Amino acid sequence: MATKRKSSVKGRKPWFLYLIECEDKSVYTGIALDVSARYAAHKQGAGARYTRAHPPQKLLAVVKYSSRSAASQAEYLVKQMTAREKRGFAGTVKRKRTPETNFHQ
């Protein structure tokens, strides 16, 4: 008999949508559980192929979601935006600096 998995949100780790401004002023969009680690990977050239060709300059915004599904849906929508629209979106995100990463949540 198969066991049923609880569908409770309690205990799940949140997923994050993040936007990175690259040195060429393009804006990369991704999702991750640990944005600090993922951003560090991008900076070291071990992240996505795009950020290896377009080195990251700074993290523009981070938005918290309750599930990977929700973060993926938001990522899809943001990826439809132009770089200018993405910067505008980043400007609407509540900003909270963290000393070790200097990113916004």
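For the reader, a short list of remarks on this structure follows.
- Potential lengthening between Ala37 and Thr92 on full extension [0.36 nm per residue; Cα-Cα distance subtracted]: 17.4 nm
- In this structure, the amide hydrogen of Gln57, modeled 1.01 Å from its nitrogen in the peptide plane, lies closer than 5 angstrom to those of Glu21, Cys22, Glu23, counting only residues at least 5 positions away or on a different chain.
All of the numbers you see were taken from the coordinates with simple rules; none came from a lab. These numbers were taken from a predicted model, which means no experiment stands behind them.
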